[in-house]
Amino acid sequence: MRQHARPDVAESFFEVVRRRRSIRKYKPHDIPKEDFKKIFEAARLAPSAENSQPWRFIIIRNQKVKELLAKPRFQGRTFLTQPFIANANAIIVVLGDSSVSCCPRATWTTRDPLIATEHLVLAATALGYGTCWIANYESRPEEWIDEVRTALRIPEHMHIIVLVALGIPGETPQPRPRKSLQELCFDETYGNPIDLS
Ligand SMILES: Cc1cc2nc3c(=O)[nH]c(=O)nc-3n(C[C@H](O)[C@H](O)[C@H](O)COP(=O)(O)O)c2cc1C
């Protein structure tokens with residue numbers, strides 16, 4: 001047994017990772033402040049380049065604002081709607097601060113907040129909440145982004161990185177397929193199979 005190994009902690013961690021699904025249906029329920037605190041504490045502890053911690057989070061519970069974030073749009077000729085976003089108990093707007101980040105021109109402004117986002121998603125899963133990453137707003141018209149920035153008073157140097165819908169799961173979806181470890185991991189050089197059996 002490795003000196004610092006904690007099998008119980010490791011098993012709980014993997015259980016949370018296995019249990020997480022993208023949830024797109026929620027039961028109406030307020031999320032207690034203590035749970036928000038734990039969820040954001042997990043995000044706060046995430047690693048970042050030069051420890052710059054360029055993430056910021058806005059918690060949206062106001063129904064009108066949720067509807068603004070869920071607003072349908074055209075993509076090419078397709079009409080896309082994600083009404084479930086408005087039914088989430090809360091939406092977390094994840095921001096990246098380009099003025100705080102160690103490399104404002106590089107992609108760390110985006111990468112670090114994404115790491116913190118997965119921390120908060122896993123913490124929410126551990127607490128029994130369902131989450132769904134929402135990145136589809138990226139292809140939305142500039143006017144919509146401006147409307148959101150104005151409504152949420154997001155300053156110029158803050159980039160909207162992603163949204164996360166959060167709430168009590170109202171569905172239990174099956175796991176979605178994943179590639180095998182053989183397809184993903186190589187031994188020393190790219191493409192060289194690794195034996196992880
Ligand atoms: C960066 C990112 C963006 C995503 N954007 C959306 C989205 O806009 N709408 C949506 O319904 N799901 C979105 N998802 C969820 C993915 O579709 C989902 O993670 C994937 O299909 C695997 O399913 P699972 O999360 O249940 O394991 C996004 C996930 C990630 C990581």
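The values are calculated or read from the model by the stated rules, or taken from the named source; none is laboratory data. Predicted model only: the values in this text are computed from it and were never measured. Note that each Cβ is placed from the backbone with ideal geometry, even for glycine, and that neighbours are counted across all protein chains shown. For accessibility, only protein heavy atoms count, side chains too; no ligands or nucleic acids. Shrake-Rupley method; radii C 1.70, N 1.55, O 1.52, S 1.80 Å.
Tally the DSSP beta bridges in segment 21-173 and give the antiparallel ones as a percent, rounded to 5.
Of the beta bridges lying entirely in segment 21-173, close to 95 percent run antiparallel.
When the expected Rg is taken as 2.2 N^0.38 Å, what fraction or multiple of it is the alpha-carbon Rg of segment 21-173?
That ratio works out to 1.02.
So, for the chain, what is the accessible surface per residue at a probe of 1.4 Å, expressed in square angstrom?
The answer is 64 Å² per residue.
For the chain, with all protein chains present and a 1.4 Å probe, just round the carbon and sulfur fraction of the accessible area to a whole percent. Spell out each step's value before the answer.
On the way: 6870 of 12670 Å².
With neighbouring chains kept in place, the figure for the chain is 54 percent.
Can you give the calculated 222 nm mean residue ellipticity of the chain, where each DSSP H run of n ≥ 4 adds -39,500 (n - 2.57) and the sum is split over every residue, rounded to the nearest 500 deg cm²/dmol?
Only helices count here, giving -10500 deg cm²/dmol.
Sticking with the crude label model, points 7 Å out along Cα→Cβ, report the distance from residue 59 to residue 183 in nm, one decimal please.
According to this spin-label approximation, the distance is 3.8 nm.
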